[in-house]
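Chemist: Pasting in a structure now, in structure tokens, and then I'll have a few things to ask.
The values are calculated or read from the model by the stated rules, or taken from the named source; none is laboratory data. From a predicted model like this one, the values you see are computed outputs, not experimental measurements. Here the Cβ positions follow ideal geometry from the backbone for every residue, glycine too, while neighbour counts run over all protein chains shown. For accessibility, only protein heavy atoms count, side chains too; no ligands or nucleic acids. Shrake-Rupley method; radii C 1.70, N 1.55, O 1.52, S 1.80 Å.
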Amino acid sequence: MAKTHVSTTINNEPVEFLCEPNQTLLDCLRNELQMTGTKEGCSTGDCGACSVTVNGRLVCSCLVFGVEAEGQNIGTIEGIGKAENLHVIQQKFLEHAALQCGICTPGLIVATEALLAENPDPTEAEARYYLAGNLCRCTGYDKIIRAVMDSAAEMRGTA
Amino acid sequence: MSEVKDYKYIGQRTIRPDGFDKVTGRANFGADLTLPGMLWARVKRSPYAHARIIDIDTSKAEALAGVMAVATAADFPAIASETLQMGETSADIRDLARNNLALEKVLYHGHAVAAVAAVSQTIADQAVELIEVEYAELTPVMDVLEAIKDDAPILHDDLFTAGLAETPETPSNIAMRMELKKGDIDAGFAEADVIVEREYQTPTVHQGYIEPHACTVRYDEDGQSMIWCCTQGHFDVRASTAKILNMELSKIKVIASEIGGGFGGKTTIYLEPVALVLSKKSGRPVKLVMNREEVFRASGPGSATRSWIKVGARKDGTITAMQGILHYEAGAFKGSPMAPGVMCVFTPYDVANVHIEGFDVVVNKPKVAAYRAPGAPQAEFAAESAINELADKLDMDPIELRLKNAAKEGTQAIYGPKFKAIGLVECLEAAKNSAHYKSPLGKNQGRSIAAGFWFNAGMSSSVVINMNPDGTVVVVEGSPDIGGSRASMAMMAAEELGIAVEKIKPIIADTDGVGLNSTTGGSRTTFATGMAIIEAAQDVVKQMKERAAAVWNVTLDQVDWVDGVAVNTADEARLSAAEICAAAGSTGGPISARASLTARGAGPSFAVHVADVEVDPDTGKVDVIRYTAIQDAGKAIHPGYVEGQYQGGAAQGIGWALNEEYIYDENGVLENAGYLDYRIPLASDLPMIETVIVEVPNPFHPYGVRGVGESSIIPPLAAVSSAVSNAIGVRMSELPCSPPRVLKAIQSRDN
């Protein structure tokens, strides 16, 4: 199958790649660009492990074709924080022990950043429903929700 | 209880050493490794639940451009039946090989029959479609009670029931019968004023780890084959792969990647020998990853069960007899967790007359794997439901009934040991005294409780501690970290060494890099690997004191070790760990210590959960509105991750109680092989989960640690379903309490 050339922006850096027309954005990120921070849990849009943003909008990258990234601005976990200077959300996930195995964590952090960009002061119920597309099998969500609420408070400056 | 020690690091909420990698996406999981020249593999799977394989024709697939290798069971050497211990459970290695690639028969829909390796995923997918398999369909057996009928279709012509007085002459779907008893069960029931008796049913469920099974392998002719995979036990991956392929252990190196959840499901293998055969045949590295549908259809779920429980008590609540018959589905091959179920089912209670029978039964579903306290949630669901029903009949508070009969120090457990200090009474008291248990309930709401017991075994661990010249520390262990155990390992090393936890780097070495370690399972890691780390760290401290003594020209007893510094008790001279390690080359060589042990004893742990639910009478939907998980940790090394184990187990158990089940059609095809239809709890489904950490120190561990990973999944099944029973006034004995089932119960009540 002839490959398609895609020019896009990922985490504010210009990126080009070749992909087959049926490859998902998730597959392109992981296997064409070696950006394995975005995880595959189901490939059917049910688990949220592959959460990324497209022009700021939260999506499952397994439900987006790689070719659809053309000209768009993609945000992935690799664009959030650095080890020496973590994002508040990342720091709060660590402080609250909001991860156990860690496979859902990149997706949840991407989703939480999108949540707080839309709604800086969510109620617990709003946070729970916004993150309902991100499955975690380890934690029972308690510590994740606490980390999210604490992140929101800190980002608003009310912590 | 032993005296309470004053700890510096133990009990703190430190940041986990692998935390930065996990929150930045840098951590490398099973599917994250790509090697130069790597091929992509795919598995061809059976469209039938039960069929004889007449012929497999791979010629068209092999002819497709870009296909580099095709494998079938014919590529595995013939091996004899042999039992291999894998984690908490054991497996027959011949069955394991046939589960990896079917030979002669397919035994469940999705059973692997062949595999291909190709230069791209697309070509691998196309090649799988070109493999032609001719089958002779057989009638599938999908239910444990159907499977044990005399005229049931037989899955294995060479399976004869073990555990009977006489060896049977005809094959059976019952792989094993087991019995435990004490006292006189008939006399016990004769003494009873009140008896409850009921049948219970639990469905096939999946562990639901978010990361599918995955491996990348490279076969090397010179004997250095490599397997990178997500597993709870890389030494068991090595052992089982070597057995299946008839290789020496030293010729396979298994590297445990980060692991995205396991819950017992990653204590066995599905992909690794297949990928290694493809790599050998193609001469290229091979990556083989399951998709989610394959995980549901063809990895090992948790057993479905049918149980019958009978319990008798005197009017004052003294239980006089407990009897159970437990049937466990093993799936396609023998080996359900029936035995631990039999051993656990009544263990929270000190009762004179007990009789339990268990049956391990094969059916045409995927071979079950361990699932968090394997076998215990199903059995204890039935027993705890019966205890709640008994409390109702006696008009007694269910906590008081349990307190009256609770196992405690000195109780003879039916599975063997006489308990040393255990924390069931303390957990029950904590539940009774909780604000939750005393709070009022509203309309359509119900509350209940349940207890749970798990053994928490020890098994084998090997560790090495290497002191760096700057006084920092590398702890080399071999227990894959599924929930943050590196944090507790670093904390225990810090405590013994007196060195700050941030200066300690725990790593999970590959199978060549550290001595043998049993699988991470059975809640053994913090207990047993922790014990090895404590032992090795004490050796390191001794060596550092010896070096200081030599420098000062004093005897060892004149050197104290205080907060990571050697102190000369005579003249207050001090040498820090960093100073001792920097000079180690000239004082006797680098400082290093190892410990290898098989942990003595276990860490039996009890949990008690309190569940409040609200039932929508119009739809049968159940919401958990308040939940408290109480459990004996012995000693909580990292309270945050201990709470996390309690909460995570509670959430999985709530899913088991309310929603999760494998739904099959009449042909034995799974109808809900995805997260949309096999619905695990979402963030919006659950409330905050309150936790109480009870600490009754385990006398078998230097700090009193008990495993905490498993007991927490046991109580939710009965606590939640009994709460539903209390809310609607109908006893729920069949899981899950999904909306259709609850609505039916409400309607049957109203009619």
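Chemist: Search the range B:577-609 for residues being hydroxyl-bearing (Ser, Thr, Tyr) and in contact with a helix residue (DSSP H, G or I) (Cβ under 9 Å, 6 or more places away or on another chain), and hand back the single one that is most open to solvent (accessible area, probe 1.4 Å).
Modeler: B:Thr598
Chemist: Tally the residues that are within 24 Å of B:Ala376 (Cα to Cα) and among the charged types (D, E, K, R), restricting the search to the range B:251-276.
Modeler: The number of residues fulfilling the criteria is 1.
Chemist: Here are some residues: B:Gly442, B:Gly375, B:Gly358. Which one is within 26 Å of B:Met688 (Cα to Cα) and either at pLDDT 95 or above or β-branched (Val, Ile, Thr) (or both)?
Modeler: After applying the criteria, what remains is B:Gly442.
Here's the yes/no breakdown for (1) open to solvent by 10 Å² or more (accessible area, probe 1.4 Å); (2) closer than 23 Å to A:Leu33 by Cα; (3) at pLDDT 95 or above; (4) touching a helix residue (DSSP H, G or I) at 6+ places or on another chain (Cβ under 8 Å):
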site	(1), (2), (3), (4)
A:Gly71	yes, yes, yes, no
A:Glu84	yes, no, no, no
A:Phe93	no, no, yes, yes
A:Gly140	no, no, yes, yes
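Chemist: I'd like the full set of residues that are of a type in the set (Lys, Arg) and facing another protein chain (nearest Cβ under 7 Å), limited to the range A:83-103.
Modeler: Matches in the range A:83-103: none.
Chemist: Please tell me if B:Glu661 is touching a Pro at 6+ places or on another chain (Cβ under 6 Å), farther than 24 Å from A:Thr123 by Cβ, open to solvent by 10 Å² or more (accessible area, probe 1.4 Å) and of a type in the set (Asp, Glu).
Modeler: It is true that B:Glu661 is touching a Pro at 6+ places or on another chain (Cβ under 6 Å), farther than 24 Å from A:Thr123 by Cβ, open to solvent by 10 Å² or more (accessible area, probe 1.4 Å) and of a type in the set (Asp, Glu).
Chemist: Looking only at residues that are within 22 Å of B:Pro736 (Cα to Cα) and touching a helix residue (DSSP H, G or I) at 6+ places or on another chain (Cβ under 6 Å) in the range B:188-205, which one is surrounded by the most Cβ atoms within 10 Å (Cβ to Cβ)?
Modeler: Looking at the filtered set, the residue picked out is B:Thr202.
Chemist: Scan the range B:467-487 for residues that are open to solvent by less than 10 Å² (accessible area, probe 1.4 Å) and among the polar types (S, T, N, Q) and jot them down.
Modeler: B:Ser479
Chemist: Taking B:Ile693 as the residue in question, decide whether it is surrounded by fewer than 20 Cβ atoms within 10 Å (Cβ to Cβ) and in contact with a helix residue (DSSP H, G or I) (Cβ under 8 Å, 6 or more places away or on another chain). Even if it seems obvious, please write down each step before you answer.
Modeler: Details: surrounded by fewer than 20 Cβ atoms within 10 Å (Cβ to Cβ): yes; in contact with a helix residue (DSSP H, G or I) (Cβ under 8 Å, 6 or more places away or on another chain): yes.
Criteria met by B:Ile693.
Chemist: I'd like to know if the range B:574-583 contains one or more residues that are free of Cβ contacts under 8 Å to residues at least 60 places away in the same chain and either in a strand (DSSP E or B) or within 14 Å of chain A (Cβ to nearest Cβ) (or both).
Modeler: Yes - at least one qualifying residue is present in the range B:574-583.
Chemist: Would it be correct to say that B:Val425 is under 26 Å from B:His355 (Cβ atoms) and free of Cβ contacts under 8 Å to residues at least 40 places away in the same chain?
Modeler: For B:Val425, the condition - under 26 Å from B:His355 (Cβ atoms) and free of Cβ contacts under 8 Å to residues at least 40 places away in the same chain - is met.
Chemist: Still on this model: Filter the range B:204-262 for residues that are acidic (Asp, Glu) and outside any strand (DSSP E or B); which is nearest to the other protein chains (Cβ to nearest Cβ)?
Modeler: Ranking the qualifying residues of the range B:204-262, first place goes to B:Glu211.
Chemist: Go through the residues of the range B:613-632 one by one and say whether even a single one is of a type in the set (S, T, N, Q), in a strand (DSSP E or B), more than 14 Å from chain A (Cβ to nearest Cβ) and surrounded by fewer than 24 Cβ atoms within 10 Å (Cβ to Cβ).
Modeler: No, every residue in the range B:613-632 fails to be of a type in the set (S, T, N, Q), in a strand (DSSP E or B), more than 14 Å from chain A (Cβ to nearest Cβ) and surrounded by fewer than 24 Cβ atoms within 10 Å (Cβ to Cβ).
Chemist: Among the numbered criteria (1) within 10 Å of another protein chain (Cβ to nearest Cβ); (2) part of a helix (DSSP H, G or I), which one does A:Leu116 miss?
Modeler: Only one criterion in (1) within 10 Å of another protein chain (Cβ to nearest Cβ); (2) part of a helix (DSSP H, G or I) is unmet by A:Leu116, namely (1).
Chemist: Now, a different point. I need the full set of residues from the range B:10-25 which are more than 7 Å from every other protein chain (Cβ to nearest Cβ) and either of a type in the set (Asp, Glu) or within 21 Å of A:Arg30 (Cα to Cα) (or both), in order please.
Modeler: B:Asp18, B:Asp21
Chemist: Count, please, the residues in the range B:279-299 that happen to be more than 14 Å from every other protein chain (Cβ to nearest Cβ), open to solvent by 10 Å² or more (accessible area, probe 1.4 Å) and assigned to a helix (DSSP H, G or I).
Modeler: Matching residues across the range B:279-299 total 3.
Chemist: Scan the range A:119-138 for residues that are outside any helix (DSSP H, G or I) and either aromatic (Phe, Trp, Tyr) or open to solvent by 60 Å² or more (accessible area, probe 1.4 Å) (or both) and jot them down.
Modeler: Across the range A:119-138, the qualifying residues are A:Pro120, A:Asp121, A:Thr123.
Chemist: Moving to a separate point now. In the range B:1-103, which strands (runs of 3 or more DSSP E) lie fully inside it and hold 2 or more residues that are within 30 Å of B:Met343 (Cβ to Cβ) and in contact with a Leu (Cβ under 9 Å, 6 or more places away or on another chain)?
Modeler: B:83-86, B:89-92
Chemist: Tell me which residues, restricted to the range B:636-677, are over 23 Å from the mean Cα position of the chain (by Cα) and either farther than 30 Å from B:Val141 by Cβ or within 10 Å of chain A (Cβ to nearest Cβ) (or both).
Modeler: Across the range B:636-677, the qualifying residues are B:Leu676, B:Asp677.
Chemist: Whether any residue in the range B:177-187 is open to solvent by less than 30 Å² (accessible area, probe 1.4 Å) and either outside any loop (DSSP other than H, G, I, E, B) or hydroxyl-bearing (Ser, Thr, Tyr) (or both) is what I want to check.
Modeler: As a first pass, look at the range B:177-187 and keep what is open to solvent by less than 30 Å² (accessible area, probe 1.4 Å): B:185.
Keeping just the survivors that are either outside any loop (DSSP other than H, G, I, E, B) or hydroxyl-bearing (Ser, Thr, Tyr) (or both) gives B:185.
Yes, there is a match, as at least one residue in the range B:177-187 is open to solvent by less than 30 Å² (accessible area, probe 1.4 Å) and either outside any loop (DSSP other than H, G, I, E, B) or hydroxyl-bearing (Ser, Thr, Tyr) (or both).
Chemist: With the checklist (1) buried (at least 19 other Cβ atoms within 10 Å of the Cβ); (2) in contact with a Lys or Arg (Cβ under 6 Å, 6 or more places away or on another chain); (3) touching a residue at least 40 places away in the same chain (Cβ under 8 Å) in hand, flag the one item B:Pro699 doesn't pass.
Modeler: (1)
Chemist: Among the residues of the range B:23-42 satisfying the criterion of being within 26 Å of the chain's Cα centre (by Cα) and in contact (Cβ under 8 Å) with a residue 12 or more places away in the chain, which is most open to solvent (accessible area, probe 1.4 Å)?
Modeler: Taking the candidates together, the pick is B:Asn28.
Residue-wise test of (1) within 24 Å of B:Leu735 (Cβ to Cβ); (2) surrounded by 16 or more Cβ atoms within 10 Å (Cβ to Cβ).
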position	(1), (2)
B:Ser385	yes, yes
B:Met396	no, yes
B:Asn405	no, yes
B:Lys420	no, no
B:Lys443	no, no
B:Phe455	yes, yes
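Chemist: Condition first: more than 15 Å from B:Tyr48 (Cα to Cα), out of contact with any Phe, Trp or Tyr (no Cβ under 8 Å at 6 or more places or on another chain) and buried (at least 21 other Cβ atoms within 10 Å of the Cβ). Can you find one or more residues in the range B:109-121 that meet it?
Modeler: Scanning the range B:109-121, I find at least one residue that is more than 15 Å from B:Tyr48 (Cα to Cα), out of contact with any Phe, Trp or Tyr (no Cβ under 8 Å at 6 or more places or on another chain) and buried (at least 21 other Cβ atoms within 10 Å of the Cβ), so the answer is yes.
Chemist: Is there any pair linking a residue in the range A:127-144 that is facing chain B (nearest Cβ under 7 Å) to one that is basic (Lys, Arg), with Cβ under 8 Å and at least six apart or on different chains, and which?
Modeler: Once the first residue is facing chain B (nearest Cβ under 7 Å) and sits in the range A:127-144, its partners that are basic (Lys, Arg) give A:Tyr141/A:Arg128.
Chemist: Between B:Gly655, B:Gly729, B:Gly674, B:Gly668, which is small (Gly, Ala, Ser), open to solvent by 20 Å² or more (accessible area, probe 1.4 Å) and over 14 Å from B:Gln631 (Cβ atoms)?
Modeler: Going through B:Gly655, B:Gly729, B:Gly674, B:Gly668 in turn, just one is small (Gly, Ala, Ser), open to solvent by 20 Å² or more (accessible area, probe 1.4 Å) and over 14 Å from B:Gln631 (Cβ atoms): B:Gly729.
Chemist: Further question on the same structure: In the range A:18-65, how many residues are within 12 Å of chain B (Cβ to nearest Cβ), free of Cβ contacts under 8 Å to residues at least 60 places away in the same chain and β-branched (Val, Ile, Thr)?
Modeler: Final tally of qualifying residues: 4.
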